[in-house]
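One structure below.
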Amino acid sequence: MDSALTAEQALALAPDGASAKAATGLASDRHWVTLGGDADALWGECKGSGAKPYQAQVDLAALVTRCSCPSRKFPCKHALALLLMHARGGIAAAPRPAWVEEWLNSRRDRAEKKEQAAAKAVAAQAADPDAAAAASAKREAARWKRIDQGTAELQRWIGDQLRRGLASYGPQQRAEWTAMAARMVDAQAPALSAQVLAATEAMAAGVAGAQAVVERFGLIWLLCEAVTRRDALSPQRLADVRTALGWGYDKDDLATLGESLSDRWIVQGQRIDERDDRLFERRVWLRGQSSGRDALLHDYAYGGRGWEQQWLDGRSVEATLRFFPGSAPLRALALEQGAAQPAPRWSQPALEAIERASQAFAANPWLQWWPLSLADAVPLRENERWWLHTPAGRLPLALGEAAGWNLLAHSGGAALQVMGEWDGRELRPLSAWRGEDAAQNWSLAA
């Protein structure tokens, strides 16, 4: 069976280096009780520690995987091993077993139900648009009322903390701050809750964290003021405020508010983080070849269900994206997309990249990240921390010890092109490359 993936691209799907290493060890017939594939799927039963082998399967169209193993990572090592063996031509065509057919049918059923629900909602709105608009306005007004009450309480609380002084912060204050974060969830402003929790974590460093806390309090206060003056804000600024509160837009909203853009999008880099209780967060950064636009695909997966679509670093995909509204639109949904193909990644001089990022943060002070793709960048370690030297100066890196040494070893002390997330203070590298040679690629997950 021919594979559209190379072995390197299959391993690039690994959530971390340990998974890639384990999958490489399992990519041999001797570990598998059964193996097979067809044009749509791969499957296999791998020997494990229990009496019953693990059943792993891959939907080749979307590169979505499923496995009966207890791993909290996905793709797990068994699914990765299937992809790796397929890339090496090691899986023969075989009749599809019932358990694979059942899984593929369930995926098709869910997709059809989703489309039917969307069509039903559109039909209901078309049948009585006035009633639908009135119900939507009522829900929105009720949420703004709760947010108004919550932000007013939060402003009073911030004033109390500053009058008390951060130097007195201790266990009692930590409990109070955590309780305030919970009240912001009740106020239906979950992103404000995350901001208060981040301030709480910053104070774990003691008074040394006070500067970061005061800065964060300033942004929270600015956001609370924006909530009170929302009637005077432009639609783009109001979208910034909603996003900063954690009040996202659904697909129906985006159909009327979001900008659609078709382009060939290069996958510049990506990051996957595990949150609480088996919740995974993924951020995929794209760059439009013709439009020159940056885009962020930001999604979540729970309980090992996997992603709806895989995006491989260093590949380009013809796709239509719909952007969320805002002063500096970045986040988008992929509506339609074609097949992926290898493509050189994009970078620019550091001075131009930093200037563009500064303009974006000035346009939206609550922006969390901006993608930087820097040419001629050299990682280095100095004063017990990691830096990235560029012709425009040095940028501090948000990198752990192992990842930092790995990136430094990959560079060999020479210049690389480095893509990462810039939060205005630190750059977290997600990928690095030199020229168009795939063997010279580095990613944070590897």
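The values are calculated or read from the model by the stated rules, or taken from the named source; none is laboratory data. None of the values given here were measured: they were computed from a predicted structure. So basically every Cβ, Gly included, is an ideal-geometry build from the backbone, and we count neighbours across all protein chains shown. With ligands, DNA and RNA removed, areas are computed over all heavy atoms of the protein, side chains included. Shrake-Rupley method; radii C 1.70, N 1.55, O 1.52, S 1.80 Å.
Longer than 20 Å from Cα to Cα, which of Lys113/Lys138; Lys73/Lys113; Lys52/Lys77; Lys77/Lys114; Lys47/Lys73 are they? Say none if no pair is.
Cα-Cα > 20 Å for Lys113/Lys138; Lys73/Lys113; Lys77/Lys114; rest within.
By its C-alpha gyration tensor, with a ≥ b ≥ c as the square roots of the eigenvalues, how is the range 1-113 shaped: rounded for a/c under 1.5, else prolate for a/b larger than b/c, else oblate?
rounded
Using 1/(1 + (r/R0)^6) with R0 = 22 angstrom and r between the beta carbons of Gln368 and Leu233, what's the FRET efficiency to the nearest 0.05?
Result of the calculation: an efficiency of 0.65.
Mind checking the angle between helix 235-245 and the chain's longest principal axis? C-alpha axes, 0 to 90 degrees, to the nearest 10.
80 degrees
Could you tell me the distance between the Cα centroids of the range 95-133 and the range 197-250, to the nearest Å?
That distance is 37 Å.
Compute the Cα gyration tensor for the range 180-282, then decide on rounded, prolate or oblate, letting a ≥ b ≥ c be the square roots of its eigenvalues: rounded whenever a/c is under 1.5, prolate when a/b is larger than b/c in the other cases, and oblate in all that remain.
oblate
What value does the range 76-216 have for Rg/Rh, both radii from Cα atoms and Rh as Kirkwood defines it?
Rounded to two decimals, Rg/Rh equals 1.25.
Please give me, ordered by residue number, the trypsin sites (Lys or Arg not before Pro) of the range 236-280 that lie in loop per DSSP and have at most 15 other Cβ atoms within 10 Å.
Of the trypsin sites (Lys or Arg not before Pro), the ones in loops of the range 236-280 whose Cβ has at most 15 other Cβ atoms within 10 Å are Arg275, Arg278.
Relative to the longest principal axis of the chain, what angle (0 to 90°, nearest 10) does the C-alpha long axis of helix 77-87 take?
Approximately 50 degrees, to the nearest 10.
May I ask for the distance between the Cα centers of the range 308-333 and the range 3-18, given as a whole number of Å?
Cα centroid of the range 308-333 versus Cα centroid of the range 3-18: 21 Å apart.
With every protein chain left in place, what is the accessible area per residue of the range 126-201 in square angstrom, probe 1.4 Å?
56 Å²
Going from the alpha-carbon gyration tensor of the range 292-358, what semi-axes, largest first and in whole Å, does one get by taking the root of 5 times each eigenvalue?
24, 17, 13
Jot down the per residue volume, in cubic angstrom and as a whole number, of the convex hull over the alpha-carbon atoms of the range 301-446.
For the range 301-446, the hull spanned by Cα atoms encloses 145 Å³ per residue.
So, R0 is 41 Å and r is the distance between the beta-carbons of Glu336 and Val207; what FRET efficiency does that work out to, to 0.05?
0.20
Using each residue's phi in the range 19-29, evaluate 6.51 cos²θ - 1.76 cosθ + 1.60 at θ = phi - 60° and report the 3J(HN,Hα) Karplus result to the nearest Hz, with x for Gly and Pro.
Each residue of the range 19-29 in turn: 5, 4, 5, 5, 5, 4, x, 8, 7, 8, 4 Hz.
Tabulate in residue order the Karplus-calculated ³J(HN,Hα) for the range 42-55, using 6.51 cos²θ - 1.76 cosθ + 1.60 with θ = phi - 60°, rounded to whole Hz; enter x for Gly and Pro.
My calculation for the range 42-55 gives 10, 7, x, 10, 9, 5, x, 7, x, 6, 9, x, 6, 9 Hz in order.
Mind pulling the angle between the C-alpha long axis of helix 401-411 and the longest principal axis of the chain? Nearest 10 degrees, somewhere in 0 to 90.
60 degrees
What residues have an amide H closer than 5 Å to that of Leu397, excluding those fewer than 5 places away on the same chain, when H is modeled at 1.01 Å from N in the peptide plane?
Here Trp386, Trp387, Leu388, Leu427 satisfy the definition.
Treating cross-link reach as a plain straight distance, find the aspartates and glutamates whose alpha-carbon is under 18 Å from the alpha-carbon of Lys251, omitting any fewer than eight places away in the same chain.
Within the straight-line limit of under 18 Å, Lys251 reaches these aspartates and glutamates: Glu112, Glu115, Glu140, Asp240, Glu259, Asp299, Glu308, Glu336.
Among Ser262, Thr24, Gly246, whose Cα projects farthest towards the positive end of the dipole of the chain, with charges put on the beta-carbon of Lys, Arg (+1) and Asp, Glu (-1)?
Gly246
Kindly write out, for the range 315-321 in residue order, the coupling ³J(HN,Hα) from the Karplus curve 6.51 cos²θ - 1.76 cosθ + 1.60 (θ = phi - 60°), rounded to whole Hz, with x marking Gly and Pro.
With coefficients 6.51, -1.76 and 1.60, one gets 10, 10, 9, 6, 8, 9, 10 Hz.
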